[in-house]
1. Rg and Dmax of segment 2-260, using alpha carbons, in Å: what are they?
2. Over segment 73-186, what percent of the accessible surface lies on carbon and sulfur atoms, probe 1.4 Å?
3. What lysines sit close enough to Lys121 to cross-link, taking a C-alpha to C-alpha distance under 22 Å and skipping anything fewer than 8 places away on the same chain?
4. Give the accessible surface of segment 2-260 per residue, rounded to a whole number of Å², with probe radius 1.4 Å and ligands, DNA and RNA excluded.
5. Which residues among segment 78-97 fall inside the zone where the amide N is under 19 Å from a point 7 Å beyond the Cα of Arg131, along Cα→Cβ?
6. Would you kindly derive the ³J(HN,Hα) couplings of segment 83-93 from the backbone phi angles with the Karplus curve 6.51 cos²θ - 1.76 cosθ + 1.60 (θ = phi - 60°), listing them in order in whole Hz, with x for Gly and Pro?
7. If I fit a long axis through the Cα atoms of helix 215-227 and take the longest principal axis of the Cα atoms of the chain, what angle between them do I get, 0 to 90°, rounded to 10?
8. If I ignore ligands, DNA and RNA and count only protein heavy atoms, how much of His174 is accessible to a 1.4 Å probe, in Å² to the nearest 10?
Amino acid sequence: MQYFSGKTVWLTGASSGIGLAMAQQLADAGAHLILTSRRAEVLEQVRQGLAHPERHRVLALDLSQPEQAADQAREALGDQVIDILINNAGVSQRSLILETDFDVYRQLMEIDYFGVVALTKLVLPRMAERRNGHIVTVSSVAGKVGTKLRSGYNGAKFAVIGFMDSLRAEMAEHDLVVTSILPGFINTAIAHNSLAGDGSALGKEDPDNAGGISAEECARRSLEAIAAQKAEVIVGSGLSKLAPLLQRISPAFVRRMVAKR
Ligand SMILES: NC(=O)c1ccc[n+]([C@@H]2O[C@H](COP(=O)([O-])OP(=O)(O)OC[C@H]3O[C@@H](n4cnc5c(N)ncnc54)[C@H](OP(=O)(O)O)[C@@H]3O)[C@@H](O)[C@H]2O)c1
């Protein structure tokens, strides 16, 4: 993918799943990567396994504390030019509202929403000044259709699509590109790492995710959409891909369907 060749791409959530697959494909495409997630050692192993490891660097950040993470990143990056920011890091949820601690909602918003806002605001002034840059966020089909067990995740993923829509409108006059990626069910560790009602990790698989498309396929289709400078793309298969369309055509049908599942 020529679009990424020689570009500096800051990728969050690069230690696992979709982000790891994106890192591998971006490195193969000639990008220079800044790899972010919490686990520095895992990111270092990822870096060493990529094509041209010397072109890439690790920047470990905890996005559950977005302002602190942005301060750390500001210091680490200095005046380094970022061509593309891919906000991919995220955490999901599997708990009923009646059984979910309030703090779980805060955590989901910090990582899945404020983390995106903080890193975007960090790179944006320079991109606007250069009239060159591309901001990408991996939201979810859960950012279009609310379902059981994901109330906080749905809230954060809906919110981030709204932020990206507003960003796209404001940045048009600065010639910046803004892309939202909405995966359906993808076979990664997302369910395993999801928050339960007390904020602990769920620690088990979800058959819907296990039956989804691979992280590699999701990364490939997402990077194609980014390279084509699409505004928004749904990546998935089956019902999870169709759900946003069904929601537009027949919201009442979708309401009945999600209440039964
Ligand atoms: N899999 C799906 O079915 C699916 C569907 C729709 C949308 N998505 C979205 O796709 C994105 C990637 O998810 P995935 O499926 O690849 O899941 P994953 O394998 O669990 O990866 C999540 C990534 O986010 C990072 N992360 C989690 N908490 C973080 C924090 N506090 N600070 C910094 N990084 C953090 C993790 O790294 P560390 O543990 O090293 O911090 C990891 O690299 C997420 O935004 C998710 O919501 C996934």
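1. 17.5, 53
2. Values: 2600 of 4730 Å².
Ligands and nucleic acids excluded, carbon and sulfur reach 55 percent.
3. Partners within reach: Lys7, Lys157, Lys230.
4. Values: 11850 Å² over 259 residues.
Dividing the accessible area of segment 2-260 by its residue count gives 46 Å².
5. Answer for segment 78-97: 82-84.
6. Ordered by residue, 3J(HN,Hα) equals 7, 9, 9, 10, 7, 10, 4, x, 10, 9, 8 Hz.
7. Around 60 degrees separate the two axes.
8. 50 Å²
The values are calculated or read from the model by the stated rules, or taken from the named source; none is laboratory data. On a predicted model such as this, the values are computed, not experimentally measured, just so you know. With ideal geometry, Cβ positions are generated from the backbone for all residues, glycine too; neighbour counts draw on all protein chains shown. What goes into the accessible areas is simple: the full protein's heavy atoms, side chains included, and nothing from ligands, DNA or RNA. Shrake-Rupley method; radii C 1.70, N 1.55, O 1.52, S 1.80 Å.
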